[in-house]
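Trainee: This structure is in structure tokens; I'll ask about it shortly.
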Amino acid sequence: MDFARLWLGLMLPLVVALDFNYHHQEEMEAFLKDIAKNYSSITHLHSIGKSVEGRNLWVLVVGWFPKEHRIGIPDFKYVANMHGDETVGRELLLHLIEYLVTNEGKDPDITNLINSTRIHIMPSMNPDGFEAVRKPNCFYSNGRENHNQYDLNRNFPDGFEFNNVTRQPETEAVMKWLKTETFVLSANLHGGAVVSSYPFDNGVPATGTLLARSLTPDDDVFQYLAHTYASRNPSMRKGEQCKNKMKFPNGVTNGYSWYPLVGGMQDYNYIWAQCFEITLELSCCKYPQEKKLPFFWNENKASLIEYIKQVHLGIKGQVFDQNRNPLPNVIVEVQDRKHICPYKTNKFGEYYLLLLPGTYMINVTVPGHHSQLTKVTIPEKSQKFGALKKDILLPFQGQLNSIPVSNPSCPMIPLYRNLPSHSAATKPSLFLFLVTLLHMFFK
């Protein structure tokens, strides 16, 4: 493999460095196609659909097996520019692509990351909105929405209340995309504030809204993820970068605590796609002048890379029957943090659970059979670029025919409406309690 990389580096043609300007659709496409051509062994460029005006929704995949999921290799994604007038994330992801491919085989950290991860990068989810705004503007513009004037971050099914809006082509493309990949971790990049925001964006009393927040059963992991990004961004970790805006202790907030939001993408990812997603607000000014772009790249580069590494938190493995046949659609969850849509193995019998170091009881459930509990301890210093591997062998003779080949997806309805308000899964941690006190004090 090392020899192959050396030979690849010698054979690759030189690529002109990406400039710090805004790249419109034709320029962005040319850049992405150039990268895909010159780094074909570690990249794959494809479109997941088209915008209202027919522009491609491009995704560049970076990894040693970019065209297809491989067992044990988690899938990660970044999505930017879903609000067309929030432009910094779009350019940062183009520079991230360039940084990853040009440092593969040179920087050990980047090389290991690409070896162990399949990284999906969508620079623009709303290319029509971006093209509608030609002039930098710090505040709201019509380019925020798609061409049909829909806010794409209010356009997804909602877990807490009915969201009867017309689903847009860009939204439908992302929803379909989520069904075709085993995404484990994600972030969507926005502008207009400087903060790392984690789910839930909407809520009910069962998730803690009576205490002005809305927490997932995996709140400890989400807080860790948000702090991982914010702590490496010098501006974000100060928590009060934007004038006349809220102050965010340590640059982090619970989405609902900031303001409730119906039909958001990060809640949809977590509830229906088994993917942990946070929202990154990267600039006070939505569409800053081009001369500021090098500053934003320097502020966010370390955070963008470190956040990708978090896809290797926790445990992963496969579920087999006694004949070592992998079992799809088996529920695999931590005993005390069940999801409203149960997290299940994929078609390869794989599961990925993002967890912090500690001891957990993993509950493996097959329809029509008794659950099996497995105790797992994740060490403080887990293996770098690799979650703890734990395959699970179920005590059944032969492959289980009772498991459907294609398990029905969780219904797209407000699943959280009827939960009891005393849900133990959403009790605040001491860490969150202290952060909340600070937030109330400085607000």
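Please treat every number below as a calculation from the coordinates, not as lab data. Worth saying up front: this structure is predicted, and the values here are computed from it rather than measured. Because the Cβ atoms are built from the backbone with ideal geometry, glycine has one as well, and the counts that use them run over all protein chains shown.
Trainee: Round to a whole angstrom and tell me the spacing of the C-alpha centers of segment 126-188 and segment 286-300.
Mentor: Centre-to-centre distance over Cα atoms comes out at 23 Å.
Trainee: Still on this structure, I have one more. I want the local charge near I315. Using Cβ-Cβ distances under 11 Å, sum +1 for each Lys or Arg and -1 for each Asp or Glu among the other residues.
Mentor: Numbers: positive: K316, K389, K390; negative: D391.
Every neighbour counted, the sum reads +2.
Trainee: Continuing with the same structure: What distance in nm separates the simple spin-label points at L211 and K375, each placed 7 Å from Cα in the Cβ direction?
Mentor: About 2.9 nm separates the two model spin labels.
Trainee: When the helix-only estimate is applied to the chain (DSSP H runs of n ≥ 4, each -39,500 (n - 2.57), divided by the residue count), what is the mean residue ellipticity at 222 nm, nearest 500 deg cm²/dmol?
Mentor: Numbers: 11 runs with 122 residues, N = 443.
Result for the chain, helices only: -8500 deg cm²/dmol.
Trainee: Give the residue list of GluC sites (Glu not before Pro) in segment 276-338 that are DSSP loop and have at most 16 other beta-carbon atoms within 10 angstrom.
Mentor: Values: sites: E277, E281, E290, E299, E306, E333; in loops: none.
For GluC sites (Glu not before Pro) across segment 276-338 that sit outside H, G, I, E and B with at most 16 neighbouring Cβ atoms in 10 Å, the list is empty.
Trainee: Quick one: net charge of E161's neighbours, Cβ under 13 Å, K/R +1, D/E -1? Before the final figure, lay out the partial values.
Mentor: Details: positive: R154, R417; negative: D158, D201, D267.
With Lys, Arg at +1 and Asp, Glu at -1, the net is -1.
Trainee: How about segment 283-357: which trypsin sites (Lys or Arg not before Pro) there are in a DSSP loop, with at most 15 other Cβ atoms within 10 Å of their Cβ? All intermediate terms of the calculation are to be shown ahead of the outcome.
Mentor: Details: sites: K286, K291, K292, K301, K309, K316, R324, R337, K338, K344, K347; in loops: K286, R324, R337, K338, K347.
Sparse-neighbourhood loop trypsin sites (Lys or Arg not before Pro): R324, K338, K347.
Trainee: Ok, one more. Find out how many positive minus negative residues lie around I378, taking Lys and Arg as positive, Asp and Glu as negative, among other residues whose Cβ is under 12 Å from that of I378.
Mentor: Here the count lands on +4.
Trainee: Spit out the partnerless Cys residues in the chain, using Cβ distances under 4.7 Å as the pairing rule.
Mentor: When partners are defined as cysteine Cβ atoms under 4.7 Å apart, the chain leaves C275 without one.
Trainee: Distance between Cα centroids, segment 306-361 to segment 92-110: provide it in whole Å.
Mentor: A separation of 29 Å, based on Cα centres.
Trainee: A further question on this structure: Over all directions, how big on average is the projection of the convex hull of the alpha-carbon atoms in segment 315-393, in square nanometres?
Mentor: Quarter of the Cα hull surface area: 5.4 nm².
Trainee: Residues with amide H under 5 Å of K344's amide H, sequence separation 5 or more or different chain, H placed in the peptide plane at 1.01 Å from N; which?
Mentor: HN-HN under 5 Å from K344: V332.
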